1. To the nearest 20 debye, what charge dipole does the chain have about its Cα centre, counting +1 at the Cβ of each Lys and Arg and -1 at the Cβ of each Asp and Glu?
2. Evaluate the distance, in nm, between pseudo-label points positioned 7 Å from the Cα of A127 and of A157 along their respective Cα→Cβ axes.
3. Sort region 343-389 into rounded, prolate or oblate with this rule: let a ≥ b ≥ c be the square roots of the eigenvalues of the Cα gyration tensor; rounded if a/c is under 1.5, and if a/c is not under 1.5, prolate when a/b is larger than b/c, oblate otherwise.
4. Can you compute the modelled spin-label distance between D335 and K375, with each label point 7 Å from Cα toward Cβ, in nm?
5. Is there a quick way to get the dipole size of region 122-247? I mean about its Cα centre, with the Cβ of Lys and Arg at +1 and of Asp and Glu at -1; what is the value in debye to the nearest 20?
6. Write down the accessible area per residue of region 308-401 in Å², having rolled a 1.4 Å probe over the full set of protein chains.
7. How compact is region 58-203 by the rule of thumb for globular proteins, expressed as Cα Rg over 2.2 N^0.38 Å?
8. Set Lys and Arg Cβ to +1 and Asp and Glu Cβ to -1, take the dipole of region 44-170 about its Cα centre, and tell me which of T46, G144, F162 lies farthest positive.
Amino acid sequence: MNNFEFYSPTKFVFGRGVTDEVGQHVAKAGYKRALLVYGGGSVVRTGTLARVKESLSKAGVQFFELSGVRPNPEVASVREGIALAREKEADLMLPVGGGSVIDCAKAIAFGVFHEGDVWDFFAKKVAIENALPLMCVLTIPAAGSEGSSSCVISNDAIDAKFGVNSDLIRPQTSFLDPELTFTLPAYQTAAGVTDMIAHICERFFSGTGSSEVTDNIATGLIRTLINQAPVAIAEPENYEARANIMWAGTLAHNDLAGCGLNAVPTSRAGGWESHALEHQLSAFDTSITHGAGLAVMMPAWMRYVWRENPTRFLTFARMVFGIEPVDETEEAVCDAVTAAIDELQAFFAGLGMPTKLGEFGLKPENVDAFLITLKANKGEEFGGFKKINLEDARKIYCSAF
Ligand code: NZQ
Ligand code: ZN
């Protein structure tokens with residue numbers, strides 16, 4: 001087990017009805033002017049936004065609104081939000097939605113303190129040194145932004161989707177009301193679960209060893225998701241399934257599932273290869289859902305790299321799927337690892353996720369474009385489990401058609 005630092009300062013307020021408690025928490029924390037941020041309208045249709053507003057009004061908290069944040073949020077919304085936060089002198093960011101809305105609010109939270117353009121942070125020209133506090137109401141368990149230090153924003157003008165990390169943007173309070181997720185379509189439920197499993201796997205295959213306690217947490221979360229996702233899809237209003245998925249999504253990405261697997265104590269565990277490969281897809285075509293892209297790219301990455309450390313993949317096969325090699329021969333190890341990756345991909349497919357890049361309408365000739373933005377994002381080489389250069393990345397993309 002490697003040395004690590006684990007910092008998860010977020011207060012999680014979880015359960016039925018907590019949506020109506022937002023106002024009292026905001027007021028108790030002393031905030032008076034909240035900037036509500038939301039997406040394309042799901043929170044209006046479901047009545048969630050109205051509930052949050054009512055609770056803010058009851059608690060005497062003023063609020064302002066930024067709407068229309070799209071999935072794979074674009075920097076234009078962030079710029080609009082920064083102007084609004086300044087004009088209204090907001091003292092709290094209050095996104096109501098999923099990862100896209102929360103990430104947009106996070107970028108506004110640090111962007112307001114910067115005189116230049118907010119993209120400077122994503123272009124790594126400036127670092128985050130200050131941010132408005134943020135509380136969020138989660139409506140889709142997936143990205144884990146409700147407990148993470150990450151913020152991912154797209155810039156359509158340059159086909160880029162870049163992330164930044166800072167403990168300053170971890171939410172102060174996150175409201176997790178599983179009943180809000182009853183309205184999620186099956187596709188979004190499935191993409192969310194895929195993203196959670198990817199967050200766990202990126203850490204599990206960090207390339208820097210293992211830890212029994214962390215491996216048990218990680219694989220326990222994955223087994224829970226494998227059990228509960230089909231239930232939530234078959235019965236969208238099954239509270240226990242929705243609740244388990246929601247909490248698993250937070251634990252998948254608040255760094256708990258990576259403790260002791262870090263390369264250096266202060267780093268996040270893992271090389272985040274599947275995410276790097278996926279982000280170029282959803283940057284290239286912003287209609288691609290992040291989790292759906294991962295459903296294709298993660299198994300492709302696994303098939304390409306597992307020989308780097310077969311033992312780690314055998315641990316995964318045994319702890320997640322109960323798969324053991326029949327003997328110690330190379331062939332048996334290959335069969336067991338391949339069976340585990342096949343099972344994982346079949347699980348994603350069974351939830352309705354794609355298995356090939358062609359299902360997004362992508363073509364092999366698009367790979368050159370993915371590699372250009374990958375290089376801009378990650379340089380010539382990246383990865384923890386196995387170093388991936390641009391030629392490796394090309395092979396992984398091509399294997400996914
Ligand atoms: O826009 P609306 O109308 O609200 O609809 C949303 C959106 O279309 C809909 N939705 C949300 N809650 C709903 C609902 N529909 C019905 N009922 C509800 N209760 O779901 C769609 C997807 O929402 P989005 O916020 O885009 O989903 P997700 O949470 O998966 O976020 C994806 C974004 O997060 C980034 C991804 O790259 C992507 O940009 N990530 C952020 C991370 C982080 N900050 O830590 C880590 C992740 O790895 C990821 O990269
Ligand atoms: Zn993700």
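The values are calculated or read from the model by the stated rules, or taken from the named source; none is laboratory data. Here the structure is a predicted model, which means the values were calculated and not measured. Note that we place each Cβ from the backbone using ideal geometry, even for glycine, and neighbour counts take in every protein chain shown. To get the accessible areas, we keep the full protein, side chains included, count just its heavy atoms, and leave off ligands, DNA and RNA. Shrake-Rupley method; radii C 1.70, N 1.55, O 1.52, S 1.80 Å.
1. Details: 34 positive and 48 negative charges, 195 e Å.
Using only the charged Cβ atoms, the result is roughly 940 debye.
2. 2.7
3. Here region 343-389 falls in the oblate category.
4. With each label point 7 Å from Cα toward Cβ, the separation is 4.3 nm.
5. 340
6. Result: 50 Å² per residue.
7. 1.02
8. The residue sitting most towards the positive pole is T46.
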